[in-house]
Amino acid sequence: MKENETIAMDRVSVRFTSQGRVVPALDDITTTFRLSELVSVVGESGAGKTTLGRALLGLAKPDSGAVMFRGRNIHRLGKREMKDFRKHVQVVFQDPYDVMNPKHVVLDYLSMPLRFISGVSSRADLRSSCSGLLDQVGLEREFLSKYPHQLSGGQKQRIAIARALATEPDFIVADEPTSMLDASAAAGILNLLRKLAAKRGMGYMIITHNMGVAAYASDRIVVMYSGKVVEDSAADDIVNAPRHPYTSVLISHAPLSQRSERKLLAERDGSDADPDATDPWKLSGCRYFARCPRGTEECRKVFPALSTVPGGGSVACWNPLVNDDGSRVS
Amino acid sequence: MATTIADIRGLSVTFPSKKGTVRAVDAVDLSIEEGSIFGIAGESGCGKTTIGLSLLGMIREPGSVEGTIAVNGKDVTSLRGEERRLFRWKEVSMVFQGAMNSLNPVSSVGEQITEVIIDHTGGTRKEAMNRAADLLRKVRLPSDILRRYPHQLSGGQKQRVVIAMAIALSPKLIIADEPTTALDVVSQEHILRLLKEVVKASGSTVVIISHDLSLIADMCDRLAVMYLGRIVESGRAQDVLSSPAHPYTRALIDSNITLDKRGKKVESIPGYPPSPINLPSNCRFSGRCPFATNECFDSEPPASTLEDGRVVYCYHPRHGNEGK
């Protein structure tokens, strides 16, 4: 691996203004992803996971900090270099129906990046390149002449992936690629992404609220809560020995084949508390404090920094579920 | 023996389309016991939501309904106008898929709940407000939510409001269509537990419609698995999940990505279901079934009843873990 084959965030914050107050959707995030890495970002709605993906893609401009692609700040790139960046880092959205023009056939949709980014222009070349793309995602060339409404959810998502592949990217950011799909179609999409990554030496980031999907599709899992990364560890550790109390709650609620075998971990019931006192954005300390079963006074006052823990991985918690020798607190 | 609250016989629901008639539900029989939680599972397009709408008498023109639907002894298909309007909410209510978006954004939670109550029971605004506050307590929401607007609530809170409305008039039957799909896992659990509690307390019957078989198995007493407009397997929920007899049920369970599948290969079901226009006259799953034989391709399998009382429409039902 070359030293700079990475896409990284250096103290990135992205703020939105909502109902007259400033909400940090991403709050001082520093992390590095290898371009060949299979990673998932997990969190509930509002955790900032989509904003993290958009910031990496250059679609959300940081209010402070920098996104670095191969060692260069993507917001300091010239026009041509930016085009090159778009070629290398591609995106697949949650609902492909939203981004496909209902009046365009699949051929038109797949041709766009080839024409505008890769500079293919002849009709014959476009046609053959597009059939090649369909083949990579397991669809027959007949699909070139279909309209979006003639496609199932799984087929649409395959076509969105084919389009992302058009520029031969090094890294794909997929935002909830399976949340609109039936179980069987979802498995097909994740298997496809894994196969493509292995075949092309490409990495991906899957943004999902589903811990099962993250565990199935990735080697590393980043857990977010209220704009902060609270745990960033190998997927095996996240699944078998989560160290952050929030991660362990998520894992205990994650789907199992035999649902009745789950042992649900409870959070602190904050429903009767004063909403201002439990508003994650108004706390100076840990954002998860109001719900955390392990919270102490220290947690209320100071936000714990993301730091490495014995046994590997990083956790932002004053009382992580890990002992000094790396064993898990029972 | 428990009484039947909803009884569906030979139900077919069709919709005209440019290419021909779509049979969303095709000759379905279903009977639901009073006080139970009943699940309908299946992939998108299998007809499960259409059954829910049929129970409410909500299939509109140009859709057409054949067969009989009896809810609480009333023939739903013959209800018209005012009679039908009163039947909804009061006898059957529905929590829609993405229900959190079915609230009116420009009126407060209190106004929306009291509207339902006043409309059906007469009564004063004050009585209705008291009743609404009471309902919010039942779904564990603070009463100041009454003054709030939908955009001020979280997804889980909105879902609780919708459930409060569904139980407002103590209906005999509540239909919940994918009640938790839009929520994160922790709120999902709270909503499901709440739904279960509310049902126990009120003695209502609940039909849960979901593509998530494990959720249904966890919540429901009995379930029916649908494929392309037909029920393919029905029985006690735990039996069906622990030893699915229909190859489709098995494939559906196996293709579900769960935490314990890490490091294993999850196979998606090969191929696609046939079109609901011009339905085949053989087994509808035969084209995708690993166990299909000549008879499956020739004719539609009749119902067979297993020892545990399960009904399966398959020539080769699986037993235990056979064929896994």
*The lone exception for B:Pro276 - which of (1) over 22 Å from B:Val22 (Cα atoms); (2) modelled with pLDDT under 95; (3) within 24 Å of the chain's Cα centre (by Cα) it fails*: (1)
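Residue by residue, here is whether (1) surrounded by 21 or more Cβ atoms within 10 Å (Cβ to Cβ); (2) within 17 Å of B:Val162 (Cβ to Cβ); (3) within 21 Å of the chain's Cα centre (by Cα) holds:
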{"residue": "B:Thr50", "(1), (2), (3)": "yes, no, yes"}
{"residue": "B:Ser64", "(1), (2), (3)": "no, no, yes"}
{"residue": "B:Thr77", "(1), (2), (3)": "no, no, yes"}
{"residue": "B:Ser93", "(1), (2), (3)": "yes, yes, yes"}
{"residue": "B:Val109", "(1), (2), (3)": "yes, yes, no"}
{"residue": "B:Thr114", "(1), (2), (3)": "yes, yes, no"}
{"residue": "B:Ile117", "(1), (2), (3)": "yes, yes, no"}
*Is there a residue in the range A:189-212 that is closer than 30 Å to A:Pro242 by Cα, at pLDDT below 95, away from chain B (no Cβ under 11 Å) and in contact with a strand residue (DSSP E or B) (Cβ under 7 Å, 6 or more places away or on another chain)?*
no
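Would you check if B:Ala201 is surrounded by fewer than 20 Cβ atoms within 10 Å (Cβ to Cβ), over 30 Å from A:Ala241 (Cα atoms) and more than 13 Å from chain A (Cβ to nearest Cβ)?
On the way: surrounded by fewer than 20 Cβ atoms within 10 Å (Cβ to Cβ): yes; over 30 Å from A:Ala241 (Cα atoms): yes; more than 13 Å from chain A (Cβ to nearest Cβ): yes.
Answer is yes for this residue.
Which ones in the range A:184-206 are of a type in the set (A, V, I, L, M), outside any strand (DSSP E or B) and touching a residue at least 40 places away in the same chain (Cβ under 8 Å)? Outline the logic, then answer.
In the first step, residues of the range A:184-206 are kept if they are of a type in the set (A, V, I, L, M); the result is A:185-187, A:189-190, A:192-193, A:196-198, A:202, A:205-206.
Restricting the remaining residues to those that are outside any strand (DSSP E or B) gives A:185-187, A:189-190, A:192-193, A:196-198, A:202.
Matches in the range A:184-206: A:Leu192, A:Leu196, A:Ala197, A:Met202.
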*Is it true that some residue in the range B:49-72 is modelled with pLDDT under 95 and within 14 Å of another protein chain (Cβ to nearest Cβ)?*
yes
_Pick from the range B:239-259, criterion under 30 Å from B:Gly20 (Cβ atoms) and free of Cβ contacts under 8 Å to residues at least 40 places away in the same chain, ranking: farthest from the other protein chains (Cβ to nearest Cβ)_ = B:Thr249
*Hey, among the residues in the range A:133-183 that are within 14 Å of chain B (Cβ to nearest Cβ), without any contact (Cβ under 8 Å) to a residue 12 or more places away in the chain and in a helix (DSSP H, G or I), which one's farthest from A:Ile207 (Cα to Cα)?*
A:Glu142
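Quick check, is A:Leu107 among the hydrophobic types (A, V, I, L, M, F, W, C), over 24 Å from the mean Cα position of the chain (by Cα) and over 23 Å from B:Asp254 (Cβ atoms)? Outline the logic, then answer.
Details: among the hydrophobic types (A, V, I, L, M, F, W, C): yes; over 24 Å from the mean Cα position of the chain (by Cα): yes; over 23 Å from B:Asp254 (Cβ atoms): yes.
Spelling it out, A:Leu107 is indeed among the hydrophobic types (A, V, I, L, M, F, W, C), over 24 Å from the mean Cα position of the chain (by Cα) and over 23 Å from B:Asp254 (Cβ atoms).
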*Kindly indicate whether any position in the range A:81-95 is among the β-branched types (Val, Ile, Thr) and surrounded by fewer than 16 Cβ atoms within 10 Å (Cβ to Cβ).*
no
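When the range A:17-33 is examined, which residues are found to be of a type outside the set (Ser, Thr, Tyr) and in contact (Cβ under 8 Å) with a residue 12 or more places away in the chain? Break it down stepwise before answering.
Narrowing the range A:17-33 to residues of a type outside the set (Ser, Thr, Tyr): A:19-29, A:33.
A:Arg21, A:Val23, A:Pro24, A:Ala25, A:Leu26, A:Asp27, A:Asp28, A:Ile29, A:Phe33 - these are the residues of the range A:17-33 that are of a type outside the set (Ser, Thr, Tyr) and in contact (Cβ under 8 Å) with a residue 12 or more places away in the chain.
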*Got a sec? Which of A:Asp27, A:Asp63 is among the acidic types (Asp, Glu), over 17 Å from A:Ile206 (Cα atoms) and at pLDDT 95 or above?*
A:Asp63
*List every residue pair whose Cβ atoms lie under 7 Å apart, where the two residues are 6 or more positions apart in sequence or sit on different chains, the first residue falls within the range B:33-53 and is basic (Lys, Arg), and the second residue, located anywhere, is not in a loop (DSSP other than H, G, I, E, B).*
B:Lys48/B:Ile40; B:Lys48/B:Ile209; B:Lys48/B:Met226
*Among the residues of the range A:96-109, which ones are crowded, with 18+ Cβ neighbours inside 10 Å and part of a loop (DSSP other than H, G, I, E, B)?*
A:Met100
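Would you check which residues across the range B:196-228 are among the charged types (D, E, K, R) and in contact with a helix residue (DSSP H, G or I) (Cβ under 8 Å, 6 or more places away or on another chain) and list them? Quick ask: steps written out before the conclusion?
Start the filter on the range B:196-228 by keeping residues that are among the charged types (D, E, K, R), which leaves B:196-197, B:200, B:212, B:218, B:221-222.
Result: B:Lys196, B:Asp212, B:Asp218, B:Asp221, B:Arg222.
Being in contact with a helix residue (DSSP H, G or I) (Cβ under 6 Å, 6 or more places away or on another chain), surrounded by fewer than 21 Cβ atoms within 10 Å (Cβ to Cβ) and within 14 Å of another protein chain (Cβ to nearest Cβ) narrows it down to one residue among B:Arg262, B:Arg193, B:Arg236; which is it? First the steps, then the outcome.
Values: B:Arg193 fails: in contact with a helix residue (DSSP H, G or I) (Cβ under 6 Å, 6 or more places away or on another chain); B:Arg236 fails: in contact with a helix residue (DSSP H, G or I) (Cβ under 6 Å, 6 or more places away or on another chain).
The conditions single out B:Arg262.
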*Are there any pairs with C-beta distances below 8 angstrom linking a residue in the range A:253-269 that is closer than 19 Å to B:Leu215 by Cβ and facing chain B (nearest Cβ under 9 Å) to a residue that is surrounded by fewer than 17 Cβ atoms within 10 Å (Cβ to Cβ) and among the polar types (S, T, N, Q), with the two at least 6 apart or on different chains, and if so which?*
A:Gln258/B:Ser242
*Check B:Glu300, B:Glu307, B:Glu322, B:Glu295 and return the single one that is at pLDDT below 90 and more than 16 Å from B:Cys46 (Cβ to Cβ).*
B:Glu322
_Please determine whether any residue of the range A:222-232 is crowded, with 24+ Cβ neighbours inside 10 Å, outside any strand (DSSP E or B) and at pLDDT 95 or above._
no
*Inspect all residues belonging to the range B:282-292 and state whether any of them is part of a strand (DSSP E or B), surrounded by fewer than 24 Cβ atoms within 10 Å (Cβ to Cβ) and away from every other protein chain (no Cβ under 13 Å).*
no
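Hey, among A:Thr32, A:Thr17, A:Thr50, which residue is among the β-branched types (Val, Ile, Thr) and assigned to a helix (DSSP H, G or I)?
Working: A:Thr32 fails: assigned to a helix (DSSP H, G or I); A:Thr17 fails: assigned to a helix (DSSP H, G or I).
Within the list A:Thr32, A:Thr17, A:Thr50, the selection yields A:Thr50.
Take the residues of the range B:265-281 that are assigned to a loop (DSSP other than H, G, I, E, B) and away from every other protein chain (no Cβ under 12 Å): which is farthest from A:Thr178 (Cα to Cα)?
Out of the qualifying residues, it is B:Ser281.
Go through B:Arg137, B:Arg222 for me and flag whichever is modelled with pLDDT of 85 or more, closer than 30 Å to B:Cys314 by Cβ and among the basic types (Lys, Arg).
Details: B:Arg137 fails: closer than 30 Å to B:Cys314 by Cβ.
After ruling out the rest, the residue left standing is B:Arg222.
For B:Asp177, are the conditions met, namely being within 17 Å of the chain's Cα centre (by Cα) and either at positive phi or within 12 Å of another protein chain (Cβ to nearest Cβ) (or both)?
Details: within 17 Å of the chain's Cα centre (by Cα): yes; either at positive phi or within 12 Å of another protein chain (Cβ to nearest Cβ) (or both): no.
Criteria not met by B:Asp177.
The values are calculated or read from the model by the stated rules, or taken from the named source; none is laboratory data. Bear in mind that the values here come from a model prediction, so they are computed numbers and not experimental data. Don't worry about glycine lacking a Cβ; one is built from the backbone with ideal geometry, like all the others, and counts go over all protein chains shown.
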